[in-house]
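Single-structure report; data block below.
The values are calculated or read from the model by the stated rules, or taken from the named source; none is laboratory data. This one's a predicted model, so the numbers in the text were calculated from it and none came from an experiment. We place every Cβ from the backbone using ideal geometry, glycine too, and count neighbours over all the protein chains shown. We work out accessible area using only protein heavy atoms, side chains counted, and drop any ligands, DNA or RNA first. Shrake-Rupley method; radii C 1.70, N 1.55, O 1.52, S 1.80 Å.
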Amino acid sequence: MFTAILFFYQSRGVFRSPTNIDRDIVEEELEFFKVDLAKIFTFDDDEEEEIVEELSIREKLHTFLMDPHYSKAAMLWAFCDMLAIVLSVILLVAESVPEASEYFDETKDYPQKYYYYVLYGMEILINGFFTLDFTLKFLSWPKPWLFFKNVLNVLDLLAILPFYIELIAMLTSENGAAGDKFVVLRICRTSRVVRIFRFIRHSKELIVVMKVIAGAAREFVLLSLLIAIFVLLFGTLMYYAELGRDSGFDSILLGCWWSIVTVTTVGYGDLYPKSPVGRLIGSVAWCLELLS
């Protein structure tokens, strides 16, 4: 039942009534979730074909893109989206592996250059699919001017922009080796990892987690502020306690690094106090973190 209500909000008013739940229970649940029965557009499996015909092309397209259960074609489209995400992440990881990096270098000679063209062709197809999906969602969005108020749509845009920025830079460079000339290209290639967030669309549980985090944003800010005060306080105390000693605390920033490692109970061992006062401060910091 919760899945049907979640899709109602995602689709801006389309409600798929579960067939395995009595209508009385459905109406009670809708009343509990404060859903206005007069403003919803309901259908079940028996009524689906009749009601779908009443939808406009734009509404059909929006439902097709947002609900994988809308039809077999929608399920196939969602599967292709997940496959494209997986392939893009695999290519991103493989590009960083020394043994495979030569296959991503266009300056290499054959046969490595042949593999480069194949891999870059896959990159073009993946980004073409992402671009088509993003464009169709924008065109079919109920209120296009509110399209970017949805965080997932912003992530979709950030997932495809780096490819086009990199492509423009490569085409405008003199010798095609734009990746060695422009630092922005390295940033673009790194930002391709944003594509993995597209998985959130295919998991209702992750969407719920995001909404919970957004609802607790104020509490997270307060927690971050308390941790920052704690880190800065003990980082400064440790710096002055170890001042003049060869213990590695050469600045307050390094003291804050030690404090972060201590607060998170990681304990790399790269920095540690040597003076009695420093060890006392470290013990107090560790005990306070343990108590919290």
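Odds and ends about this structure:
- Residue within the stretch 281-291 that is modelled with pLDDT of 85 or more and touching a helix residue (DSSP H, G or I) at 6+ places or on another chain (Cβ under 7 Å) present: yes
Okay, residues lined up against (1) assigned to a loop (DSSP other than H, G, I, E, B); (2) aliphatic (A, V, I, L, M); (3) modelled with pLDDT under 70; (4) within 32 Å of the chain's Cα centre (by Cα):
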{"position": "Glu27", "(1), (2), (3), (4)": "no, no, no, no"}
{"position": "Ala38", "(1), (2), (3), (4)": "no, yes, yes, no"}
{"position": "Asp45", "(1), (2), (3), (4)": "yes, no, yes, no"}
{"position": "Glu50", "(1), (2), (3), (4)": "no, no, yes, no"}
{"position": "Phe64", "(1), (2), (3), (4)": "no, no, no, yes"}
{"position": "Ala74", "(1), (2), (3), (4)": "no, yes, no, yes"}
{"position": "Ala78", "(1), (2), (3), (4)": "no, yes, no, yes"}
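- Answer residue from the stretch 107-127, given it is open to solvent by less than 60 Å² (accessible area, probe 1.4 Å) and more than 25 Å from the chain's Cα centre (by Cα) and is modelled with the lowest pLDDT among those: Gln112
- Residue match in the stretch 183-192 (condition: modelled with pLDDT of 80 or more, surrounded by 12 or more Cβ atoms within 10 Å (Cβ to Cβ), touching a Phe, Trp or Tyr at 6+ places or on another chain (Cβ under 9 Å) and assigned to a helix (DSSP H, G or I)): no
- Looking at Ile229, Ile252, Ile260, just one residue is over 30 Å from Asn150 (Cα atoms) and in contact with a Gly (Cβ under 6 Å, 6 or more places away or on another chain), and that residue is Ile252.
- If the condition is being open to solvent by 90 Å² or more (accessible area, probe 1.4 Å), within 14 Å of Gly282 (Cβ to Cβ) and outside any helix (DSSP H, G or I), then the stretch 244-269 contributes Arg245, Thr265, Tyr268.
- Identity of the residue in the stretch 138-168, of a type in the set (D, E, K, R) and over 20 Å from Val86 (Cβ atoms), that ends up modelled with the lowest pLDDT: Glu166
- Selection of first residues in the stretch 159-175 that are closer than 24 Å to Asp133 by Cβ and of second residues that are modelled with pLDDT of 80 or more and of a type in the set (Ser, Thr, Tyr), restricted to Cβ pairs under 6 Å at least 6 apart or on distinct chains, gives the following pairs, ordered by first then second residue: Ile160/Thr131.
- First in the stretch 222-235 and closer than 12 Å to Trp258 by Cα, second anywhere and open to solvent by 40 Å² or more (accessible area, probe 1.4 Å), Cβ under 7 Å, 6 or more apart: Val231/Ile260; Gly235/Ile252
- Condition met for Lys204 (under 29 Å from the mean Cα position of the chain (by Cα), of a type outside the set (A, V, I, L, M, F, W, C) and open to solvent by 90 Å² or more (accessible area, probe 1.4 Å)): no
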